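A quick write-up on the structure given underneath.
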Amino acid sequence: MAQKETKRILVTGAVGQIGSELTMALRDKYGAENVVATGRKTAPSKQLLESGPFEFIDVAKMETVEAVIDKYDIDTVYHMAAILSAVGEDKPWLCWDVNMNGLKNVLDVGVAKKLHRIFVPSSIAAFGPETPLNDTPNDTILKPKTMYGVTKVAGELLADYYVKRFGLDCRGVRYPGIISHETLPGGGTTDYAVAIYYEAVKQGKYECFVKEDTCLPMMYMPDAIKATIDLMEAPFENLKHYNDFNIAAMSFSVTELAASIAKYVPGFTCTYVPDSRQAIADSWPNSIDDTAAREEWGWAPAYDLDAMTQDMLAALRKKHEEGLLD
Ligand code: SER
């Protein structure tokens, strides 16, 4: 494997749901000036902009990726830029371009500049209707029906190829739906599990775009950040998988999610008007088996559904009182 240690980090997709909180966690850990946040076009938050370096790049354009890596002498990349599942169905070729050409550009720069390590995220969207629905194994049938899923499977395979063929150190997890209160997700299928908390605090009710018995694997953001950094710090020689680790925390139906919220928001009600995202949700597993992540790098989540609900509601109520949710 390439070199040494992580000193200067690039985060692509840093304005996104995971990227924004990951950037702040990395700035805490590695020093703010050593973590360069980048986005494609959405304006960064004040916090992101004022806490360290920020640049606009388009990961699908090699020259912009190369320029920022050279300018800041980057050795480690967290490649979070991606088009998610629902937008990917509206714009499949944009999804292909950003997710595949963007990834290949980052991997190619990784080889050319002998980068230390690259994080390559995948998703439960890598699975499909032929995949076992419950306790989905790490190594299983991957025949997704969305363009997002196609790019995630291809991305896992491509990144694994770079490990074997070029000795590039890249790793990644298959994120479940991620729930957070800092930055809203954009254009995914699991977005209902975030929106429901915002609407519970603002309105005491929510109209959900998938059916009540829809059950998907989910995770609270602090666990997602921990998984990301823990995997990036794991010794390479301990890994048998590289870019396709299942990570699990909790699985629940929308009915169970609404019941958890109703414990702390008396009178909360949820109604159901399924749209095209139902078919996407139905093609993903109910729950996944993360034994490989537990065994190879010690993965263990901290939050269950009720612990997450209490934390989410406390954070969103505070924002609501400060007038930040309108
Ligand atoms: N949260 C993503 C989506 O719904 C799944 O990776 O598209």
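Just so it is clear, none of the values below were taken in a lab; they were calculated from the coordinates. Small disclaimer: the values here were computed from a predicted structure and weren't measured. All Cβ positions, glycine included, derive from the backbone under ideal geometry; neighbour counts span all protein chains shown.
Taking only the C-alpha atoms of the stretch 174-273, the Rg (one decimal) and the largest Cα-Cα distance, Dmax (whole number), read 15.7, 52 Å. Peptide packing for 234-243, 116-125, 52-61 was compared via the average number of neighbouring C-beta atoms within 10 Å per residue; ordered from the highest value, the list is 116-125, 52-61, 234-243. Among 308-314, 128-134, sorting by the average number of other beta carbon atoms lying within 10 angstrom of each residue, highest first, gives 308-314, 128-134. Close amide H contacts of Phe252 (hydrogens built in the peptide plane, cut-off under 5 Å, sequence separation of 5 or more or a different chain): Leu216, Met218. When the Debye formula is applied to the Cα atoms of the chain, each taken as the same point scatterer, what base-10 log of I(q)/I(0) results at q = 0.10, 0.13, 0.14 Å⁻¹? So the normalised log intensities work out to -0.54, -0.94, -1.10. Listed by chain and number, the lysines whose alpha-carbon sits under 24 Å from that of Lys205, ignoring those within fewer than 8 places in the same chain, are Lys263, Lys318, Lys319. Once C-alpha pairs closer than 8 Å and six or more residues apart are averaged by separation and normalised to the residue number of the stretch 43-177, the relative contact order reads 26 percent. Using alpha-carbon positions, what is the distance between the centroids of the stretch 77-107 and the stretch 1-60, in Å? Spelled out, the Cα-based centre of one part sits 18 Å from the other. Placing one equal scatterer on every Cα of the stretch 219-326 and applying the Debye formula, the log10 ratio I(q)/I(0) at q = 0.12, 0.23 Å⁻¹ is -0.59, -1.25. The mean sequence distance of close C-alpha pairs (under 8 Å, at least 6 residues apart), as a share of the length of the stretch 151-288, puts its relative contact order at 35 percent. Across the stretch 279-286, rounded Karplus estimates of 3J(HN,Hα) from the backbone phi angles (6.51 cos²θ - 1.76 cosθ + 1.60, θ = phi - 60°) give 5, 5, 4, 5, 8, 9, x, 6 Hz, Gly and Pro being marked x.
Each peptide in 288-298, 222-232 receives the mean, over its residues, of other Cβ atoms within 10 Å, and ordering these scores from highest gives 222-232, 288-298. Extent of the stretch 164-231 along its three principal axes (Cα atoms, max minus min coordinate, largest first): 52, 23, 18 Å.
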